[in-house]
2 protein chains.
Amino acid sequence: MGGKIREVLSECSLPAALEAMGERWSFMILRAAFNGLHHFEEFQSELGIARNILANRLARLVEHEILTREAMPEDRRKIEYRLTEKGAALLPTMVALRQWGERWETGCPATPVLVDARDMRPIGPIEVRSWDGRALTLHDLHWALAEDLAVEPEMRAAE
Amino acid sequence: MGGKIREVLSECSLPAALEAMGERWSFMILRAAFNGLHHFEEFQSELGIARNILANRLARLVEHEILTREAMPEDRRKIEYRLTEKGAALLPTMVALRQWGERWETGCPATPVLVDARDMRPIGPIEVRSWDGRALTLHDLHWALAEDLAVEPEMRAAE
DNA sequence: TAGGTAAGTCTCTAGTTGCAACTAAAAACT
DNA sequence: AGTTTTTAGTTGCAACTAGAGACTTACCTA
């Protein structure tokens, strides 16, 4: 069984995700975008990244449809970079990585804090959960081949 | 306010997390470790990574206490790499990234599938949630400075 | 039209990646 | 005991990538 698992490891979607987001500055640029930065010079002065690398990474993120690139109508020198739906979908990943850094590297809550706008209270920890919302640890989990699944997930979800 | 946010962006723990996990192969090695690989040659043949890079990355992960490195007692050539608690804590991040890749890059569920061992059903999507478990989207969120928080979170949590 | 600004591009240096061949040490065979 | 195999690396070298900073191009403002 362990052998079978090993044979199919390379079919995982992780390499595909890393193709888009695996470069050194990609997550930092993405976080800046989440924080409301939209222009080249903003990213550059905020992150302190070399201009050529920034240009290259922005182009790459646009190519992967994580950001859109659009010239502003009132000043056509200005290019606005905006998160797409696909880019916004990286929020849980980014928050998970940030929370891990807080807990295990810096040891203290990062600024700015991400809060629920409704009550201005900090969000909870990102966790792996079962289909019905129970939090799961590594010990509760199994790596299964498609043919070993208990049921078709969509059928049960519709119950 | 947006200006103030910008000034403190660099204090985020994301750079610290990326220091440990930002290298090209780090997540792939980590995923292999989550899948039960423990030895140099296993990582090498599974991932197809160059030997010098693998040696360097493993050393780096050990240095950051994400993996432990220990010679096996019955065959002291064999070095066993194992996830630490800190390493295991990267599971939500890795799963989030993988799920994103499934949804937005490959378009199909990856093999092997991560399931709840209790019922062998696939885990749910990784989401950002409020302190009391409501799922939040980007529109429900705010980036707040520490001084803008509604209450001390521990005090409310104890209610 | 002069001057400034936004978003790059170019150049050159320094560091990183990857392949292949080599080494070191422990175990296994003969 | 000596040779071979296995495991986990290291070394040397070519190709690629990152980084600092000057330069360019298009556009806006006075």
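Each value in this text was obtained by applying a stated rule to the coordinates, not by laboratory testing. This structure is a prediction, so every number in the text was calculated from the model and none was measured. Here the Cβ positions follow ideal geometry from the backbone for every residue, glycine too, while neighbour counts run over all protein chains shown.
With no solvent and one equal point scatterer placed on each C-alpha of chain B, evaluate the Debye formula and give log10 I(q)/I(0) for q = 0.12, 0.21 Å⁻¹, two decimals.
Debye intensities relative to I(0), on a log10 scale: -0.75, -1.41.
Over segment A:68-157, one equal point on each Cα, no solvent: what is log10 I(q)/I(0) by the Debye formula at q = 0.16, 0.24, 0.26 Å⁻¹?
For segment A:68-157 at q = 0.16, 0.24, 0.26 Å⁻¹, log10 I(q)/I(0) is -0.97, -1.25, -1.30.
Run the label-point distances for A:E65 please: 7 Å along Cα to Cβ, every other copy, nanometres, shortest first.
Label-point separations across copies, in nm and ascending: 4.3.
Run the dipole for segment A:1-120 about the Cα centre, Lys and Arg Cβ at +1, Asp and Glu Cβ at -1, nothing else charged, and hand back the magnitude in debye, nearest 20.
220
With 10 angstrom as the radius, rank A:R129, A:R69 by how many other C-beta atoms surround their C-beta, starting from the fewest.
Fewest to most other Cβ atoms nearby, the residues stand as A:R69, A:R129.
For segment B:3-89, what is the per residue volume of the convex hull drawn over the alpha-carbon atoms, in cubic angstrom?
Cα-based convex hull of segment B:3-89, divided per residue, equals 106 Å³.
Going by C-beta contacts inside 10 Å, put A:L67, B:L149 in order with the fewest on the left.
Fewest-to-most Cβ neighbours within 10 Å comes out as B:L149, A:L67.
Kindly give the semi-axes, whole Å and largest first, of the ellipsoid equivalent to the protein assembly as shown, taking each as the square root of 5 times a Cα gyration tensor eigenvalue.
In descending order the semi-axes read 33, 24, 21 Å.
From the square roots a ≥ b ≥ c of the eigenvalues of the alpha-carbon gyration tensor of segment B:30-71, which class results: rounded (a/c under 1.5), prolate (a/b over b/c), or oblate?
The shape class here is oblate.
Count the lysine pairs in the protein assembly as shown whose Cα atoms sit under 28 Å apart, keeping only pairs 8 or more residues apart in sequence or on different chains.
Value for the protein assembly as shown: 6.
How much length is gained if the chain between B:H142 and B:R76 is pulled fully straight, taking 0.36 nm per residue apart and subtracting their Cα-Cα distance, in nm to one decimal? If you can, show how the numbers build up before the last one.
Numbers: separation 66, 0.36 × 66 = 23.76 nm, distance 5.31 nm.
Net length gain for the segment: 18.5 nm.
Scan chain B for the residue whose Cβ is closest to the axis carrying it onto chain A, then write down that distance in whole angstrom.
Residue of B nearest the axis onto A, distance in Å: B:A96, 3.
Report, for B:N52, each distance to the same residue's label point in the other copies, shortest first and in nm; define the point 7 Å along Cα→Cβ.
2.3
If we count other beta carbons within 10 Å of each Cβ, what is the order of A:S130, B:S13, B:S45, fewest first?
By the 10 Å Cβ count, ascending: B:S45, A:S130, B:S13.
For the protein assembly as shown, build the charge dipole from Cβ charges (+1 Lys, Arg; -1 Asp, Glu) around the Cα centre, then report which of A:T68, A:T106, A:I53 sits farthest towards its positive end.
Of the options given, the answer is A:I53.
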